[in-house]
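Contents: one structure, followed by commentary.
The values are calculated or read from the model by the stated rules, or taken from the named source; none is laboratory data. Computed from a predicted structure; not experimentally measured. Cβ placement follows ideal geometry from the backbone for every residue including glycine, while neighbour counts extend to all protein chains displayed. We work out accessible area using only protein heavy atoms, side chains counted, and drop any ligands, DNA or RNA first. Shrake-Rupley method; radii C 1.70, N 1.55, O 1.52, S 1.80 Å.
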Amino acid sequence: MAAPLVPAAELPEVDRFNYNLGTQAIGGKYHLTEQDPLVESAAVVRAMGASCMKFDLRAKPKEYPGVHSLVELARDEPSHRRVLDMPFANFQLWAEPFANTSWKQGFSKANADKEYQELHALVVHLLKTYSGTGKTFYLGHWEGDNLLRGSIGKEADAKMAPEKVQGMIDWLTTRQRAVDEAKRDTPHQNVEVWHYTELNHPTISLREGRPTLVNQVLPHVAVDFVSYSAYDVTNEPKPEEIKAVLSYIESQLKPKPGIPGRRVFIGEYGYSVFHHGKAHHSPQEQDRLSRITIQAALEWGCPFILYWELYNNELEPDGQHRGYWMINDKGTKQPIYETHRHYYEWARAFVAECLTRTGKVPEDEAFRKAAVEYFKAQR
C-alpha cells in the first residue's frame, strides 16, 4: 500500500530557478550504492546542484509487476514517487501509457481513448499532488524520428507512409489535448505541466528536404515544447550549425502565445569514450565538445540542455562500457561532471546574490547572458 499523500512543500526560489543545464538517468548499466538505482541517480544529480531531472516514466512489467498505470507508477511505486518528491524544479519525463496504444498503422479511436485517459489521469495527479510547490513537469517521449522512420538512411524515407504520419499527428494531438484539458479542469496553483514531442533527425529535412518529424508532423500539432535529441548536429559541434537547426525546428512549431521564451530544448547530447571497441573521445575531449554545445544552446536560448547521461547505458558487444557518462562504472567523476558541478556553484551564487540585492531572481534572458559569459571565461 502506498504511503498517504501529504502536501509537498514549496521550493525555495534558488531551488526553483531553471539553471538550463541538466542530465538524465535512463537505463544505466550500473549503480554505485545499495540505494535503488533511480533514487541513487537523482540524489547524485541533486548533490551536483541541478534543479532539473530527466528519467523514464514508462511501463516496465518485470521491474514493477504490481503497477498498471502511469498514476500508479508516479504515486505508488516508491522510487519514482520519492524522486518526484525531491526538490527539483523541473522534470522531463518519458511518459508513455501502460495501455498498449499503437499509431503506426493509424491511431484508432479505442487507442486514442486509452492514451487520453491515462495521460489525463497522470496530469491530474501531478497537479493535485504538487500544487503549491513551484514544480514543472514536461511529459514527452523518446526519439520520435526513430519511431516514425527508423534510420537516417534514404531507404527509410519510404517508411513514412501517409497513415503512419497521420497516426503520429493524431497521437501527439491526443496527448496534448489530455494535458490541456486536465489543466483546464483541475484546480491547481504554482505547479505546471507541459507536453513535448522529441525529434532527432531534423538536419536531413533542413539540408536535403527529406521527410522527418520536423516537417511532416510538427507543423500539424500544437505541442507545448520540442525536445531535440541532437547528436546529428552535436557530434562535431559547430555553434552556428547548432543554432541554425534549433531555429529551423522552432520555425515549424505552431504558435503558443501563453508560453514565454523559446520552446525548443536539447533533450540529449553526449560523447562516448569508446565506440566499436576503440577509443572514441577522451574524457577531456568529451568535456570540450560539451562546452561548445552548451554555450551555443545557451546563446540561442534553449530552456534546457540535457547531457546524456549520468551513468552509461550502452555496452559494446564484448560488454565494455561505451562511456556515455558523467561518472564511470568505477565511481570516477569525469571532467564533464565537474564542469556541471562548478557551473551550478556559480549559477546558484549568481541567483542568490541577485535575490539578496533586488528582492527577486534574475530574468531568464539576463541569467543566460551571464551564463554565456561564465563559459567564455572558462576557456
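Summary of computed values
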quantity	calculated
Residue-normalised accessible area of the chain, expressed per residue, 1.4 Å probe, Å²	42 Å²
DSSP-defined beta bridges in the range 171-281 - what % are antiparallel, rounded to 5	20 percent
At least 15 Å along the helix axis (C-alpha) and Kyte average at least 1.0, DSSP helices within the chain	37-48
For peptides 278-287, 52-61, 295-304, sequence by mean Cβ density within 10 Å, most packed first	295-304, 52-61, 278-287
Spin-label pair Leu355/Gln35, simplified geometry with 7 Å Cα→Cβ offset, distance in nm	2.2 nm
Those aspartates and glutamates that a straight Cα-Cα span of less than 17 Å connects to Lys183, excepting residues fewer than 8 apart in one chain	Glu115, Glu118, Glu192, Asp224
For the range 281-379, convex hull of alpha carbons as volume per residue, Å³	106 Å³
P(r) weight above 38 Å for the range 19-335, C-alpha pairs, percent	10 percent
Apportionment of accessible area to carbon and sulfur, the chain, percent (1.4 Å)	53 percent
Partners for Lys164 among lysines (Cα-Cα distance below 25 Å; same-chain residues under 8 apart left out)	Lys104, Lys109, Lys114, Lys154, Lys254
Eligible lysines near Lys54 by straight Cα distance, threshold 19 Å, same-chain separation 8 or greater	Lys29, Lys135
Separation between Cα centres of the range 48-64 and the range 92-154, rounded to whole Å	14 Å
Potential extension, Lys238-Lys104 segment - 0.36 nm per residue separation minus Cα distance	44.8 nm
Summed side-chain charge close to Gly209 - residues other than Gly209 whose Cβ falls under 14 Å, Lys, Arg +1, Asp, Glu -1	+1
Positive minus negative residues near Lys159 (Lys, Arg vs Asp, Glu; Cβ under 14 Å)	+1
Spin-label model distance (nm) - Glu208 vs Arg81, 7 Å beyond Cα toward Cβ	4.9 nm
Where labels lie 7 Å past Cα in the beta-carbon direction, separation of Ala47 and Glu299 in nm	3.5 nm
Rg(Cα)/(2.2 N^0.38 Å) for the range 34-108, N = residue count	1.24
Distant-in-sequence amide H partners of Leu21 (H built 1.01 Å from N, under 5 Å)	Ile305
Extension gain (nm, one decimal) between Ala279 and Ser247, 0.36 nm per residue minus Cα-Cα	8.2 nm
Per-pair calculated FRET efficiency, R0 = 22 Å: Gln166 and Lys254 via Cβ, rounded to 0.05	0.85
DSSP bridge orientation in the chain - percent antiparallel, rounded to nearest 5	10 percent
